[in-house]
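Since the structure comes first, as structure tokens, the remarks are kept for the end.
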Amino acid sequence: MKSNFPAVMLLLLAASALGEERHNILLVSIDDLNDWTGCLSGHPQAKTPNIDRLAERGTLFSNAHCQSPVCNPSRASLLTGRHPHSSGVYFLSPDLKQAPALQNLDTLPERFAKNGYRTLAAGKIFHTGDKRFFQEYGGNMGGFGPRPKKKISQPHGHPLWDWGAYPERDEDMPDYKIAKWAVEQLKRPPEDSNAPFFMGVGFYRPHVPMYAPKKWFDRFPRDQVMLPLVRDDDRDDLSAYAIALTNEKHVSPEHAWVESAGQWEHAVQAYLASIAFADHCLGLVLDALDASPYRDNTIVVLFADHGFHLGEKQRWAKRTIWENGTHVPLVAVAPGYEKGQRTDKPTQLLDIFPTLLELAGLPADDRQEGHSLVPLMKDPQAQWPHVALSSFGKGNYAVRSEDFRYIRYLDGSEELYDHRKDPHEWTNVAAGKELAEVIKTHRQQLPAQEADVLPGNSTGHQAYKAASRLIGQ
């Protein structure tokens, strides 16, 4: 890709000479967080005062969705501005740098570095290898650790799949260390060169293992935990392919085991506790920002990389293109924009890249496949012709509009959910003639061209291959 770096630098130097202030960027990621936040009301017992206060400072995109319900493709999409069906990165592997279609693209922090920003991060912004993309990287601080010598709750399965009160102190948790790293960065005086910063802060919880110190579990007494609403017949109106795609070759426990082992309440308690802990760590960063000289000239964007099931549709974890798998928190705060706004227009994580370019006053990139959210930050009810498009493997897509979710699978089967009447997506109304025009309109949003699935042997690859064999592909 041809760079206009020298020309841009001249413009930035000229702006600096004229005394025009450039905004800093604080990008916060929370791993595997669904809509269980106070501001999204995904669970009545969720406690997220810091996510909520951030939403009160800017715009909450209440109908935001990931492009893929898996960490790697979701983050690769967000950070390059390309859909999985454009890159071929549909699953946990390969790394985005191994995708031919993404080889010569700037990632989000690299684009800001080319435009004179000091880029730095700690924790998980990319799926792996964050050090490659930031000028300064504080480390992952232990990632998904620490872990006890013996699992607490789920004795079988993947090493990360477990939950319970562990360790004893907040200070031993990676997310606490990541937050403290960010706090120290915000205490640093502005650079002599007046270079603005682009800082990524990537928290690991509530991703499994759902561990947090006991005091966070104590906030949600196990005998008072409210379970998600689940119907036993929820999947009776789905195709065999849809069920196979979401059931096969998964590392999470089966819902039947979670129930029979008496662990459902405990697992939900652990998820709520992990969310509350991650929210606390976010609060440490926001407090430091408020006490810093950067308070009034910093753009803040918070997102989660995908949703998460805790029994809904008899499923656990991610890897589905139902609402529970794709719906995520997304908040944007920027100087000069109204506070306390909420929009229900369908938005995507893919929209973050072009939004930050516009908010920072950097050149727009018409090759981006997302859309700047600035019009909705100016007017949450503005005309918005876009939808949110999610995928899980070539041929499997969900189209989310303001009122509907339409799904089309590789086998040609379809689902349609009317969120005005059915927010839990319990009733597939795709067969109903009265909504034929709605289905037609949503079908038109499906991609005309699809990249092949890049090679890999991840859980997603295995599930996709197993379901494809079911239909002879």
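The values are calculated or read from the model by the stated rules, or taken from the named source; none is laboratory data. Quick caveat: nothing in here was measured; it's all calculated off a predicted structure. All Cβ positions, even for glycine, are placed from backbone atoms using ideal geometry, and neighbour counts span all protein chains on display.
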Q.
Just to be sure I understand the filter: pairs with C-beta atoms under 7 Å, separated by 6 or more residues or on different chains, first member in the range 44-69 and without any contact (Cβ under 8 Å) to a residue 40 or more places away in the chain, second member surrounded by fewer than 21 Cβ atoms within 10 Å (Cβ to Cβ) and not in a strand (DSSP E or B). Which pairs pass?
A. 52/38; 52/39
Q: Please work out which one of (1) closer than 30 Å to residue 167 by Cβ; (2) part of a helix (DSSP H, G or I) is the condition residue 245 fails and give its number.
A: (1)
Q.
If the requirement is being under 22 Å from residue 467 (Cα atoms) and at pLDDT 95 or above, which of these qualifies: 248, 312, 265?
A. 312
Q: Report whether or not residue 74 is in contact with a helix residue (DSSP H, G or I) (Cβ under 8 Å, 6 or more places away or on another chain), buried (at least 17 other Cβ atoms within 10 Å of the Cβ), in a loop (DSSP other than H, G, I, E, B) and touching a residue at least 40 places away in the same chain (Cβ under 8 Å).
A: no
Q) On the given criteria, is residue 80 more than 26 Å from residue 358 (Cα to Cα), surrounded by 18 or more Cβ atoms within 10 Å (Cβ to Cβ), under 18 Å from the mean Cα position of the chain (by Cα) and of a type in the set (S, T, N, Q)? A) no
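Each row is one residue, and each column tells you yes or no for (1) assigned to a helix (DSSP H, G or I); (2) under 22 Å from the mean Cα position of the chain (by Cα); (3) closer than 14 Å to residue 90 by Cβ.
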{"position": "412", "(1), (2), (3)": "no, no, no"}
{"position": "421", "(1), (2), (3)": "no, no, no"}
{"position": "442", "(1), (2), (3)": "yes, no, no"}
{"position": "449", "(1), (2), (3)": "no, no, no"}
{"position": "460", "(1), (2), (3)": "yes, yes, yes"}
{"position": "468", "(1), (2), (3)": "yes, no, yes"}
Q. What is the one condition in (1) at pLDDT below 95; (2) within 20 Å of residue 77 (Cβ to Cβ); (3) not polar (S, T, N, Q) that residue 433 does not satisfy?
A. (2)
Q | Residues of the range 192-231 satisfying the condition of being closer than 27 Å to residue 26 by Cα, part of a loop (DSSP other than H, G, I, E, B) and under 23 Å from the mean Cα position of the chain (by Cα) | A | 204, 205, 206, 207, 208, 209
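Residue-by-condition table, conditions (1) farther than 30 Å from residue 252 by Cβ; (2) under 21 Å from the mean Cα position of the chain (by Cα):
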site	(1), (2)
86	no, yes
100	yes, no
115	yes, no
123	no, yes
136	yes, no
143	no, yes
146	no, no
150	no, no
158	no, no
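Is there a residue in the range 432-442 that is charged (D, E, K, R) and touching a Lys or Arg at 6+ places or on another chain (Cβ under 7 Å)? Working first, answer last.
Just the residues of the range 432-442 that are charged (D, E, K, R), to begin with: 433-434, 437, 440.
Imposing the further condition that a residue be touching a Lys or Arg at 6+ places or on another chain (Cβ under 7 Å) reduces the set to none.
Taking every residue of the range 432-442 in turn, none turns out to be charged (D, E, K, R) and touching a Lys or Arg at 6+ places or on another chain (Cβ under 7 Å).
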Q: Report, ordered by the first and then the second residue, all pairs with beta carbons closer than 8 Å, sequence separation of six or more or different chains, a first member in the range 162-175 that is touching a residue at least 12 places away in the same chain (Cβ under 8 Å), and a second member that is among the basic types (Lys, Arg) and part of a helix (DSSP H, G or I).
A: 165/214; 168/214
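Could you tell me how many of the residues in the range 368-397 are of a type in the set (D, E, K, R), assigned to a loop (DSSP other than H, G, I, E, B) and surrounded by fewer than 18 Cβ atoms within 10 Å (Cβ to Cβ)? I'd like the intermediate steps shown before the answer.
Step one: filter the range 368-397 for residues of a type in the set (D, E, K, R), giving 369, 378-379, 394.
Next, from what is left, pick out any that are assigned to a loop (DSSP other than H, G, I, E, B): 369, 379, 394.
Now drop any that are not surrounded by fewer than 18 Cβ atoms within 10 Å (Cβ to Cβ), which leaves 379.
Total meeting the criteria: 1.
Out of all the residues in the range 125-134, which are over 17 Å from the mean Cα position of the chain (by Cα) and either part of a loop (DSSP other than H, G, I, E, B) or surrounded by 23 or more Cβ atoms within 10 Å (Cβ to Cβ) (or both)?
Those that are over 17 Å from the mean Cα position of the chain (by Cα) and either part of a loop (DSSP other than H, G, I, E, B) or surrounded by 23 or more Cβ atoms within 10 Å (Cβ to Cβ) (or both): 129, 133, 134.
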**Q.** Within the range 68-92, tally of residues that are more than 17 Å from residue 130 (Cβ to Cβ) and of a type outside the set (D, E, K, R)
**A.** 12
